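Taken together, the values in this text are just the output of simple stated rules run on the coordinates, not laboratory data. It should be emphasised that the depicted structure is a prediction, and the values quoted were computed from it without experimental measurement. Neighbour counts run over all protein chains shown; Cβ positions are idealised from the backbone, glycine included.
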Amino acid sequence: MDEHDERTDVDRQGAEGSPSTPDLSRRNVIGSGLATAALAASPGLFPAAAESAARAVGSATAGSGGAFFVYGSRVPPARPASVIVGGRTSTARIAVPARLRPLAAGYAAPGFPALSADKSLLIFTDVGEAARGRVSVVAVSTSTMGVIGAGTLRLPDMPRGSLIIAEPVIAGASGTVAVVLAMTVPSNPRSVEKVNPRTGQKMRLVASTWTSSHALAYFNVRAGTLIGPLELRDAPSLALCSAVADNDTLYLWTVAEAAAMPSWKGRPGGGPVPQLAAYPLGSADPRFAVDAPGQWPVGSEPLLAHPSGHVLRLLAGRHIQAFSSRSGRMSLVKPGQLAVPSAKLGSASMDLAADGLVVINNPVIGAAVLVDPGRSFRVVAETRYPPPAVPFGGPAAKAALGPDGLTLYVLGPAASGGLSAYDLRTGRQVASFSDGQNFGGVRVLTDGTVVAVGLSGPQLFFFTPELKLAASANAGIVVREIY
């Protein structure tokens, strides 16, 4: 990350100044998943007694529904560690408690997992201790909820204390998973003196210079082969990056480390410009590399590889950068319907809707639009709704598309909470639920079940597509995303 960062291990003791306080340092932010994680599943989300009760009152046939997975971190005070748990929904349509049971353990997943477009595969990485120089890619079948393939990548010559983020990117229907490796290594260790601001105590510590670069690896799920690492040699750069792929190309946004650029230091309004490079699958030699200005740094903006041949990047929840997948030529679209000032950037989303349309949702301003890539990204429909109480930050997404590709589920109004569903073609509300509780995120599973993330226990709430409450569950982790 910052080539000239000279932070020491005592800087990482937290605001309380106590070595036992969980820290928010570079080491923990990058390596927050370096402890054991778990993959868990359940043969049925609802207890058998509840299934029997459902049959007794004449509900739909009971039984297992779609599989789902929940990604998050362990609850404090344990050291931060990424965790994946899973379960199955049910056709029972009464509000009952739900359960999740362990299936396997031993994985460390510091980056978000990736779900294939057809939702048949969940891919996550196992980093473990970076000092061992080993990264594994794990493929899980969402139908059986079992591991169906794994590959291990060895990274020799990683210095002691190195940190690795391994982000999986599924390349369309090709059966290939591109893995983007952000490697942060320490160098130039030296002794420095630090003063605890609370106690005034002086301490002699070891400081290091940290430098980040990237590499690529490619995992073929069908063949079980993993090649790499293919180094990009882009140091010094920010470890944060953004990536998306189509059937034959990985599109990667990276940005140089500003603090390591003497020509930029002290220049107001300037800074390094993010770069977009297109890598044919299996290669580290780009077909093209172009400037991608407009948002710095990269790492959290919604991306979409559209079937029309455009690669889309959403900036600040308002502007669309459309890159040609052939040449990298960029056009910028600024829909007026999203040009509403707000003090904070929300957790905006961009998804492929029905008929090749693209839906963009900005929860801060309570607006969702349908744009048509075939008509120069013209807005063809607009939906307005009351902004929710939690329009930014975790956990999970703030809006989700239904299976029909034209029904949008959003968090309910700040005043009443709950969930709402809108027809994107008309902007009309078609369903709602509210019990006064505000949710933090929402997802739609493959069987149409709507899952809301609560802000306290129980954490997970399951609804029918008509937003009738069906079940609730505690995942036992801090939920970050649902798949």
*Using the beta-carbon distance between Ser327 and Ser416 and R0 = 45 Å, what value does 1/(1 + (r/R0)^6) give for FRET efficiency, to the nearest 0.05?*
0.40
*Compute the label zone of Asp404 within segment 354-376: residues whose backbone N is under 12 Å from the point 7 Å along Cα-to-Cβ.*
354
*Taking 0.36 nm per residue of separation and subtracting the Cα-Cα distance, what length does fully extending Arg384 through Arg222 add?*
54.0 nm
_Projected label distance in nm at Arg190 and Val478, using a 7 Å step from Cα toward the beta-carbon_ = 3.4
*Can you pull the one-decimal nm distance between simple spin-label points at Ser283 and Asp118, each 7 Å off the Cα toward Cβ?*
2.7
